[in-house]
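Written below as structure tokens is the structure these notes are about.
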């Protein structure tokens, strides 16, 4: 895997992957900050895991929403010191046991983005099932 990041102007940058897909990053202004992007990546990576695990368990999932809240250190490098992930999973006749298992497996084993961070950082999870 390889990406590039180029300075655009001010404190704004453009990231590009090998498929020529772009992401705009900004230290100021209208773009997503790199740290916000990392949080979104954690939410996306975990959500992919949750959806895949529930589909493999033959759960009738129709939606997955992930809210990621973080705590950061006050001093540089201002790394994340704690995360809270809340999943809102929609579907028909979803099993609470299966949803919990999917969330736990993502956080404890599969989410490569999360596991690229400090392994001692506390991560709290919760979930809500919305029947359709």
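Just so it is clear, none of the values below were taken in a lab; they were calculated from the coordinates. For clarity, every value in this text was computed on a predicted model and none was experimentally measured. All Cβ positions, glycine included, derive from the backbone under ideal geometry; neighbour counts span all protein chains shown.
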Item checked: Neighbour-count order for 128, 36, fewest beta carbons within 10 angstrom listed first -> 128, 36
Next item on the list: Indicate, rounded to the nearest 5 percent, the antiparallel portion of the DSSP beta bridges found entirely in the chain.
Entry: 70
Checklist line | Burial ordering of 90, 79, fewest other beta-carbon atoms within 10 Å first | finding: 79, 90
Check: Could you list, bin by bin from short to long, the percent of Cα-Cα pairs of region 34-131 in 10 Å steps?
Finding: 16, 50, 25, 8, 1
Check: For the chain, what relative contact order do you get, as a whole percent, if you take Cα pairs closer than 8 Å and at least 6 residues apart?
Finding: 21
Next item on the list: Report the FRET efficiency, 1/(1 + (r/R0)^6), for residue 18 and residue 60, where r is their Cβ-Cβ distance and R0 is 35 Å, rounded to 0.05.
Entry: 0.50
Note to self: Give me the extension gain from residue 40 to residue 8: residue separation times 0.36 nm, minus the current Cα-Cα distance, reported in nm with one decimal.
What the structure shows: 9.3 nm
Notebook entry, point to check: How much of the calculated P(r) for region 1-79 lies past 22 Å, in percent of all Cα pairs?
Noted result: 44
Next item on the list: Would you mind ranking 106, 18, 116 so that the residue whose beta carbon has the fewest other beta carbons within 10 Å leads the list?
Entry: 18, 116, 106
